[in-house]
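Single-structure report; data block below.
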Amino acid sequence: MKKIIFRKLLSDYIIFFCIALFSSSIVVWIFQAVNFLDLIIEDSRDYMVYINYSLLNFPKILSRLFPFVLFFSIFYVTDRYEQNNELMIFWNFGVNKTELINFVFKFSFFLLLVQILFTSLIVPNSQNLARSFIKNSNISDFSNFIKPQKFNDTISGITIFSEKKDNEGYLYNLYVKRELEDNDFLITYAEKGKFENYNNTPVLILFNGETLSNRKNEITNFSFSKTDFVFKDYKTNTTTQVKTQEISTNELVLCINQIYKIKIFKKNQKIINCSSGNIKNILKEIYKRLVIPFYIPLLILISLLLLLYSKEHSKYKQIKFLTFFLGLIIIIFSETTIRFVNSNLYFNLTLIIIPFIFIFIFYCFFIFNVNTFGKKRS
């Protein structure tokens, strides 16, 4: 009978947690996806780039909301069981609070592994893939590429400015600067121009203008009534440098091994962003992926403080407020500790053991005091 009761409790925890996590993540994702519309509006990217980039950011949102939603879910379901007198079923069938705490505490380590899977594997890969979509994409609609009264340098080596644009797509008072090798450049002025597409190649047709050429410090100029500015083999100015947060966890660990010469792994390989100047960011990223998830068992233990008093007790509302407030403090504290990570490995070890110390303290508190408090549940 105990297995059935525990299975029902676990089912309620998981169902409420999954619903709360996905619903809250979708809300955040929608607001974030609106901001990503700049990829379409400002840079004239393809819609599929926008869709793929937005969807690949969803795992990151899930992992960020995971601790808070988990804490709130355990807190809410436990309180609901108490309010509906469902916890009395546990006590009537011989389940004591220590058994219940141990059951939920063991379950927390499964959730810990799920979060580590997200932070160390799924999120870095999805972030790297999302950036690759932007890096490998090009401008899809040159007719909307140039915004009047704004210098546009999205295309690498080319800066374009237009004073105004009419309903037919003509641009007026154009300024086009093209950077060449060895600090050479071309500057073109034109009264008006318009983008056309020839054999899938975008061409800016310019009318009535002049081109200044600077080659090897020699300046020449020529006037034209009509000329074509072909955009062939162009590249965008989108950042192509891989960020530390997009590097795989395995490579980050190997990088730390190489920099500090720990010699745990004998394998040496070239790793992006692996340098002593970036070691602080690398250690922070490792800490965020592999250490902060260990606050999850602590958050679950805190949510179980509701077991200490019954709803009829005068202090129950105070315990509810204290439990929720303490959980928020731990979540904020866990995120804040990232700032203290530095290049000193011994100092970082003190930060690493903090969640384990807190878990030990809270678990011992429950084991040695829960029965004493349980006598007051009347």
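Observations, loosely collected:
- Fraction of the pair-distance distribution of the stretch 32-132 above 23 Å, Cα-Cα pairs, percent: 50 percent
- Label-to-label distance, nm, for residues given as GLU168 and GLN32 (7 Å Cα→Cβ offset): 4.6 nm
- Gain on full extension, evaluated as 0.36 nm per residue between LYS2 and TYR346 minus their Cα-Cα distance, stands at 119.3 nm.
- Protection proxy ranking of 6-19, 216-229 - average other beta-carbon atoms within 10 Å, highest first: 6-19, 216-229
- When the P(r) is computed for the stretch 266-320, the part past 14 Å accounts for 71% of the Cα-Cα pairs.
- Among LYS106, LYS284, LYS243, the largest mean-square fluctuation in a Gaussian network model of the chain (Cα springs under 10 Å) belongs to LYS106.
- Rounded to the nearest 10 square angstrom, PHE103 shows an accessible area of 60 square angstrom against a 1.4 Å probe.
- All C-alpha to C-alpha distances of the stretch 160-200, sorted into 10 Å bins beginning at zero, yield P(r) values of 26, 40, 29, 5 percent in whole numbers.
- Modelled this way, with points 7 Å down the Cα-to-C-beta line, the labels at PHE360 and ILE14 are 3.2 nm from one another.
- For the chain, CYS18, CYS364 stand unpaired, since no other cysteine beta carbon lies under 4.7 Å from theirs.
- Ratio of Rg to Rh for the stretch 287-353: 1.14 [Cα atoms; Kirkwood radius as inverse mean 1/r over pairs].
- Peptides 157-163, 342-348, 69-75 ranked from most to least packed, by the mean per-residue count of other Cβ atoms within 10 Å: 69-75, 157-163, 342-348.
- For the stretch 213-226, Karplus couplings with θ = phi - 60° (6.51, -1.76, 1.60), whole Hz, Gly/Pro x: 10, 10, 10, 6, 6, 10, 9, 10, 8, 8, 9, 8, 9, 7
- As a ratio to 2.2 N^0.38 Å, the alpha-carbon radius of gyration computed for the stretch 145-225 takes the value 1.12.
- Those residues of the stretch 1-34 whose amide nitrogen sits under 15 Å from the label point placed on ASN84, 7 Å along Cα→Cβ: 5-17
- Of the options (1) 43; (2) 53; (3) 31, only one is percent of Cα pairs over 33 Å apart as computed from these coordinates, and that is (2).
- Efficiency of FRET between SER225 and SER248 - r from beta-carbon atoms, R0 41 angstrom, step 0.05: 0.15
- Near GLN149: Cβ cut-off under 13 Å, other residues only, Lys/Arg at +1 and Asp/Glu at -1. The net charge is +3.
- The packing ranking, built from the mean of other Cβ atoms within 10 Å per residue, places the peptides 248-254, 179-185 in the order 248-254, 179-185, highest first.
The values are calculated or read from the model by the stated rules, or taken from the named source; none is laboratory data. Just so it is clear, the structure is predicted and the values come from calculations on it, not from any experiment. FYI the Cβ positions are ideal-geometry reconstructions off the backbone, even for glycines, and counts take in every protein chain you see. Heavy atoms of the whole protein, side chains included, go into the accessibility calculation; ligands, DNA and RNA do not. Shrake-Rupley method; radii C 1.70, N 1.55, O 1.52, S 1.80 Å.
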